[in-house]
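A short write-up of the structure that comes next.
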Amino acid sequence: MPGRFWIVPPAALLALLFFYPLALIVQQAFTDDSGMANVAEFARVLHARFFLNALINTITISVAATAGCLVVGLVLGLILAFVPFPGSGVIARLIDTFIALPTFLVTLAFTFLYGSAGMLNAGLMEVFSLQAPPVNFLYSTWGVVLAEVTVYSPFVLRPLLAAFSLVDRGQIEAASVLGARPFRIVRQVILPAAVPALIAGGSLCLLLTVNEFGIVLFIGAKGVITLPLLIYSKAIQESAYQVACIIAVINIALSLGLFGLYRFAAGRLGA
Amino acid sequence: MSVPAFTGSNVMDVDAAKIRGAGSNVHFDKVSVAYGAHVVLHPLTLDIAPGEILAMIGPSGSGKTTALRAVAGFVRPASGRIRIGATDVTDLPPYERGLGMVVQNYALFPHMRVEDNVAFGLRAQGADKSLIGERVKDSLATVGMSGFAKRYPRELSGGQQQRVAIARALAVRPRVLLLDEPLSALDAQIRRNMVEEIAKLHRDLPGLTILYVTHDQTEALTLADKIAIMRDGRVSSHGPTIELYRRPPNRFTAEFLGRANLLPVTVAEGADGPKGLAKARLGDAVLAGAGRSEKPGDKTLLCIRPQHLSLTGDAEHTNRIVGTLKEVHWQGELTHLVLDVDGTPVRVSATRLPMSLPERGSAMPLFFTPGDTSLVPEDVRG
């Protein structure tokens, strides 16, 4: 078989498993339940309050979670890479294993810890003789953000550690001898070298948190509806397929944009 | 933090008065460094006078870089104290020691332009904008890099990057400049030029104290006022460069510094007279050379440099030995000969050869002056 025909099997597989379903979703987004073309519904959904609320929730949660991941990843990365202590390698690998775990597992653990009947609330109610659980943040936007920060920080930490390992220790020592204190060295020597890693890790987190479904569903916070949850709700619970597909198309566009940003940053990093 | 400036004029036609000050002495007081049970620097006591260049040389793992890093503050001594000037810096972090440092791979900040690299230390120390501008300009002029202020390090050659690294270190007016194998990454020609430039820099900044770590004896011999030869975490020998070269105190120093020929001899007469010449016997030959406190009958080594051996005798070259010619290597301006003298290989570096050399395997006389010869104790290990 001539070399150029080898493109056929992967292209056919992609078409069958990815492009065809995607095309169906796009087609469905512009077709009403009777099978007629309907563009007006697209405009109506775009202006609907339930969609705008979900979009705002999605952006708020993903931006906040990404910011949290960047802060946690950066602090942990700096400690693991530049503060020598026994067992730092073990800690780094342990944090890595978070990537392998299903996202709802952390949420489940959070429920045991911070849930209404979790250890923290039970302990506080016991000690202070309270009638109601005093800590309720888990069932809010911030509970979702905290869970996502916990799950996705390793996605920032990994490229950061790779970037930190390439920072010339001689530069850090030269800066120190010249009179720079640790904070200035981090700001002016280490961080500029880690910017591509931060962008790559951050955009990956943004991408994953925009599409996060399991954590939001598992926490079940009242009023915290994101785009993936809204798609699920419209398609499965309300059987409003066109609305679900319209939201899905917007969600896909958002994701592809973020993915483009991630690839650009990863390319700059040399990944 | 205030950092005293050093004295002297600049190198490249810049207003000399702009770079002034006083360097500080460095005092190692029984400084030792250990990693767990492994001692990498045995108690070291050493002084570097203000304005002096001390070169620490030695093979890999001899402890020379560890000693420099202890001064910089990157290595914490297991015992002992380090003083710079009147300040005990042992417990101070690197950023409070008032030093400058240049390392092998330049360690310039790649995302900063040359001028920002040079200004980095001054900004870190909170200097005024006007002072920063002035110092950056002067420091770059000092190393001949004024025209490169707007470039990034990646746009410079290795030699240019090293000059910028030196300018960056000089800009903060360090009390002591630490140079850690600064020329090792450069090719031979640029290295030779840079050695000359550093020598010139120090001639024009005579107050600047420099600790120069290298494994290259040529750099050390060219630049240093004093040399400390390190071996196995200890100072094998320490003294003025010329003295150490001419009269090495032990075998390791003689061999490491200039690859001297060392011939096993028996002392015939102890050092005597105003020149302190002793006489030693090698086979039938009686040879004169600078002695110490050897006694007749002592077994010792006679040290003679390859370039001090002559193929022809005259009134000055009164010492004469005979060897068997083994090898001849012509290298343009120098010819290297290897002879066997009583079972010891003897190297000769000759600039001029007689019209005809004897055949390999033939006996050949060698001549040298007593003034170029010294006795080195065999039994003293560095």
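Checking B:I190 against (1) outside any loop (DSSP other than H, G, I, E, B); (2) within 14 Å of another protein chain (Cβ to nearest Cβ); (3) hydrophobic (A, V, I, L, M, F, W, C), only one condition comes out false. Which one?
Unmet for B:I190, out of (1) outside any loop (DSSP other than H, G, I, E, B); (2) within 14 Å of another protein chain (Cβ to nearest Cβ); (3) hydrophobic (A, V, I, L, M, F, W, C): (2).
I'm trying to understand the selection: among the residues of the range A:86-101, which are open to solvent by 70 Å² or more (accessible area, probe 1.4 Å) and part of a loop (DSSP other than H, G, I, E, B)?
A:P86, A:L101
Filter the range B:60-102 down to the residues that are within 16 Å of B:V26 (Cβ to Cβ) and in a helix (DSSP H, G or I) and list them by number.
Correct list: B:K64, B:T65, B:T66, B:A67, B:L68, B:R69, B:A70, B:V71, B:A72, B:P94, B:E96.
Tally the residues that are more than 19 Å from A:R181 (Cα to Cα) and modelled with pLDDT of 95 or more, restricting the search to the range B:111-132.
Counting residues in the range B:111-132 that are more than 19 Å from A:R181 (Cα to Cα) and modelled with pLDDT of 95 or more gives 3.
If A:G35 satisfies all but one of (1) free of Cβ contacts under 8 Å to residues at least 60 places away in the same chain; (2) not in a loop (DSSP other than H, G, I, E, B), what's the number of the condition it fails?
Going through (1) free of Cβ contacts under 8 Å to residues at least 60 places away in the same chain; (2) not in a loop (DSSP other than H, G, I, E, B) one by one, A:G35 breaks only (2).
If you go through the range B:227-246 one residue at a time, how many are of a type in the set (K, R) and buried (at least 20 other Cβ atoms within 10 Å of the Cβ)?
First, the residues of the range B:227-246 that are of a type in the set (K, R): B:231, B:234, B:246.
The next check asks that each one be buried (at least 20 other Cβ atoms within 10 Å of the Cβ); those that pass are B:231.
Residues in the range B:227-246 being of a type in the set (K, R) and buried (at least 20 other Cβ atoms within 10 Å of the Cβ): 1 in total.
Quick one: which residue in B:A167, B:A185, B:A199, B:A171 is over 30 Å from B:R247 (Cα atoms), among the hydrophobic types (A, V, I, L, M, F, W, C) and open to solvent by 10 Å² or more (accessible area, probe 1.4 Å)? Steps first, please.
Working: B:A167 fails: open to solvent by 10 Å² or more (accessible area, probe 1.4 Å); B:A199 fails: over 30 Å from B:R247 (Cα atoms); B:A171 fails: open to solvent by 10 Å² or more (accessible area, probe 1.4 Å).
Exactly one residue qualifies, and that residue is B:A185.
Sort through A:S165, A:S129, A:S116 and tell me the only one that's modelled with pLDDT under 85 and over 23 Å from the mean Cα position of the chain (by Cα). Steps first, please.
Details: A:S165 fails: modelled with pLDDT under 85; A:S129 fails: modelled with pLDDT under 85.
That would be A:S116, the only listed residue that is modelled with pLDDT under 85 and over 23 Å from the mean Cα position of the chain (by Cα).
Taking into account only those residues within the range B:83-125 that are facing another protein chain (nearest Cβ under 9 Å) and open to solvent by 50 Å² or more (accessible area, probe 1.4 Å), which is farthest from B:R154 (Cα to Cα)?
As a first pass, look at the range B:83-125 and keep what is facing another protein chain (nearest Cβ under 9 Å): B:93-112, B:120-125.
So of that shortlist, the ones also open to solvent by 50 Å² or more (accessible area, probe 1.4 Å) come out as B:96, B:104-105, B:110-111, B:123.
Numbers: B:E96: 30, B:Q104: 16, B:N105: 13, B:P110: 7, B:H111: 9, B:R123: 22 Å.
Within the range B:83-125, the match that is farthest from B:R154 (Cα to Cα) is B:E96.
Listed residues A:L80, A:L46; which is assigned to a helix (DSSP H, G or I), open to solvent by less than 70 Å² (accessible area, probe 1.4 Å) and within 20 Å of A:L254 (Cα to Cα)? Walk me through it before giving the result.
Values: A:L80 fails: within 20 Å of A:L254 (Cα to Cα).
Exactly one residue qualifies, and that residue is A:L46.
Could you say whether any residue in the range B:61-70 is farther than 28 Å from B:R203 by Cβ, at pLDDT 95 or above and not small (G, A, S)?
Yes, there is a match, as at least one residue in the range B:61-70 is farther than 28 Å from B:R203 by Cβ, at pLDDT 95 or above and not small (G, A, S).
Kindly indicate which of B:L211, B:L262, B:L205 is over 22 Å from B:D47 (Cα atoms), open to solvent by less than 20 Å² (accessible area, probe 1.4 Å) and hydrophobic (A, V, I, L, M, F, W, C).
Numbers: B:L211 fails: over 22 Å from B:D47 (Cα atoms); B:L205 fails: over 22 Å from B:D47 (Cα atoms).
Criteria check complete, one pass: B:L262.
Are any residues in the range B:309-337 part of a strand (DSSP E or B) and open to solvent by 30 Å² or more (accessible area, probe 1.4 Å), and if so, which ones? Give the derivation first.
Going residue by residue through the range B:309-337, those that are part of a strand (DSSP E or B) are B:310, B:319-331, B:334-337.
Listed by number, the residues that qualify are B:R320, B:V322, B:T324, B:K326, B:E327, B:V328, B:H329, B:W330, B:Q331, B:L334, B:H336.
Applying the selection to the range A:102-138, what residues are exposed (fewer than 13 other Cβ atoms within 10 Å of the Cβ), without any contact (Cβ under 8 Å) to a residue 24 or more places away in the chain and assigned to a loop (DSSP other than H, G, I, E, B)?
A:A117, A:S129, A:L130, A:Q131, A:A132, A:P134
Tally up the residues in the range A:207-223 that are touching a Gly at 6+ places or on another chain (Cβ under 6 Å) and of a type in the set (S, T, Y), please.
Qualifying residue count for the region: 0.
For the subset of the range A:139-169 comprising residues that are assigned to a loop (DSSP other than H, G, I, E, B) and of a type outside the set (D, E), which member is farthest from the other protein chains (Cβ to nearest Cβ)? Can you show your working first?
Step one: of the range A:139-169, the residues assigned to a loop (DSSP other than H, G, I, E, B) are A:140, A:166-168.
Filter once more, keeping what is of a type outside the set (D, E): A:140, A:166-167.
Values: A:S140: 41, A:L166: 11, A:V167: 10 Å.
Residue satisfying both the conditions and the ranking: A:S140.
Can you find a residue that is in contact with a helix residue (DSSP H, G or I) (Cβ under 9 Å, 6 or more places away or on another chain), hydrophobic (A, V, I, L, M, F, W, C) and farther than 12 Å from A:I247 by Cα anywhere in the range A:24-41?
If we filter the range A:24-41 for residues that are in contact with a helix residue (DSSP H, G or I) (Cβ under 9 Å, 6 or more places away or on another chain), which is where we start, we get A:24-33, A:38, A:41.
Checking which are hydrophobic (A, V, I, L, M, F, W, C) leaves us with A:24-26, A:29-30.
From the residues that got through so far, the ones that are farther than 12 Å from A:I247 by Cα too are A:24.
Yes, the range A:24-41 contains a residue that is in contact with a helix residue (DSSP H, G or I) (Cβ under 9 Å, 6 or more places away or on another chain), hydrophobic (A, V, I, L, M, F, W, C) and farther than 12 Å from A:I247 by Cα.
The values are calculated or read from the model by the stated rules, or taken from the named source; none is laboratory data. Since the model is a prediction, treat every value here as computed from it, not as a measurement. Here Cβ is always computed from backbone atoms with ideal geometry, including for glycine, and neighbour counts include all displayed protein chains. Each accessible area value is taken on the protein alone, full model and side chains, heavy atoms only, with ligands, DNA and RNA left out. Shrake-Rupley method; radii C 1.70, N 1.55, O 1.52, S 1.80 Å.
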